[in-house]
1. Among the residues in region 86-99, are any at pLDDT 95 or above, over 13 Å from the mean Cα position of the chain (by Cα) and away from the ligand (no atom under 14 Å from the Cβ)?
2. Mind counting the residues in region 1-58 that are within 21 Å of HIS107 (Cα to Cα) and modelled with pLDDT under 95?
3. Hey, does region 70-78 have a residue that's touching a strand residue (DSSP E or B) at 6+ places or on another chain (Cβ under 8 Å) and within 14 Å of the ligand (Cβ to nearest atom)?
4. Tell me, which helices (runs of 4 or more DSSP H) lie completely within region 9-67 with 2 or more residues that are touching a Gly at 6+ places or on another chain (Cβ under 8 Å) and within 16 Å of the ligand (Cβ to nearest atom)?
5. For region 38-59, which residues satisfy the criterion of being surrounded by 17 or more Cβ atoms within 10 Å (Cβ to Cβ) and either out of contact with any helix residue (DSSP H, G or I) (no Cβ under 8 Å at 6 or more places or on another chain) or in contact (Cβ under 8 Å) with a residue 40 or more places away in the chain (or both)?
6. Looking at the structure I just gave you, is VAL64 surrounded by 12 or more Cβ atoms within 10 Å (Cβ to Cβ) and in contact (Cβ under 8 Å) with a residue 40 or more places away in the chain?
7. For the structure I just gave you, tell me whether VAL76 is among the aliphatic types (A, V, I, L, M) and either outside any strand (DSSP E or B) or open to solvent by 60 Å² or more (accessible area, probe 1.4 Å) (or both).
8. If a residue has to be more than 16 Å from the ligand (Cβ to nearest atom), open to solvent by 70 Å² or more (accessible area, probe 1.4 Å) and not in a helix (DSSP H, G or I) to count, how many in region 120-140 make the cut?
Amino acid sequence: MAIERTFSIIKPDATARNLTGAVNAIIEKAGLKIVAQKRILMTRAQAETFYAVHKARPFFGELVDFMISGPVVVQVLEGEGAILKYRDVMGATDPSKAADGTIRKAHAKSIGENSVHGSDAAETATIEIAQFFAGNEIVG
Ligand code: UDP
């Protein structure tokens, strides 16, 4: 399997509960390497662009409000099959359906405030990484 990079966000519900380290421990234990990381407050424009694919969904406004409600930690994760691996490590969107051992099972509060984001495919990973990181900020 190829070495890939994926984009991750530790969402405001997790930073508010001081869970950055706990989430990162799960990420690293799964064999994913954190090759870029910064804590930021997203602007509304950044959040709307990031979740533009969900613009028509009923939860869009609420989702954008949540994503700018507090600090987030944006990350680039690297490893073998990193995109699918991180989706597995995150667990299902709805934490009540997430498997044991996943970040969302352990920490998510609800289907909206679900602690983490991870890219769903190689194309989106490339776009999402470029939205938040310059090439020289990523150190593998
Ligand atoms: N979301 C929500 N309500 C829903 C579905 C999704 O608030 O009914 C939010 C949630 O924060 C989720 C994000 O929108 O993580 C993106 O949804 P997606 O279906 O892409 O889930 P993910 O890829 O994050 O598991």
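The values are calculated or read from the model by the stated rules, or taken from the named source; none is laboratory data. Note that this is a predicted model, so its numbers are computed, not measured. Neighbour counts run over all protein chains shown; Cβ positions are idealised from the backbone, glycine included. Side chains included, ligands, DNA and RNA excluded: accessible areas come from the protein's heavy atoms. Shrake-Rupley method; radii C 1.70, N 1.55, O 1.52, S 1.80 Å.
1. no
2. So the count comes out to 0.
3. Within region 70-78, the first condition is being touching a strand residue (DSSP E or B) at 6+ places or on another chain (Cβ under 8 Å), and the residues that meet it are 71-78.
From what's left, within 14 Å of the ligand (Cβ to nearest atom): 72.
Yes, because at least one residue in region 70-78 is touching a strand residue (DSSP E or B) at 6+ places or on another chain (Cβ under 8 Å) and within 14 Å of the ligand (Cβ to nearest atom).
4. Values: elements: 12-16, 20-29, 44-50, 60-67.
Those helices (runs of 4 or more DSSP H) span 12-16, 60-67.
5. Of everything in region 38-59, those that are surrounded by 17 or more Cβ atoms within 10 Å (Cβ to Cβ) and either out of contact with any helix residue (DSSP H, G or I) (no Cβ under 8 Å at 6 or more places or on another chain) or in contact (Cβ under 8 Å) with a residue 40 or more places away in the chain (or both) turn out to be GLN46, PHE50.
6. On the way: surrounded by 12 or more Cβ atoms within 10 Å (Cβ to Cβ): yes; in contact (Cβ under 8 Å) with a residue 40 or more places away in the chain: no.
Answer is no for this residue.
7. Values: among the aliphatic types (A, V, I, L, M): yes; either outside any strand (DSSP E or B) or open to solvent by 60 Å² or more (accessible area, probe 1.4 Å) (or both): no.
For VAL76, the condition - among the aliphatic types (A, V, I, L, M) and either outside any strand (DSSP E or B) or open to solvent by 60 Å² or more (accessible area, probe 1.4 Å) (or both) - is not met.
8. Within region 120-140, residues that are more than 16 Å from the ligand (Cβ to nearest atom), open to solvent by 70 Å² or more (accessible area, probe 1.4 Å) and not in a helix (DSSP H, G or I) number 1.
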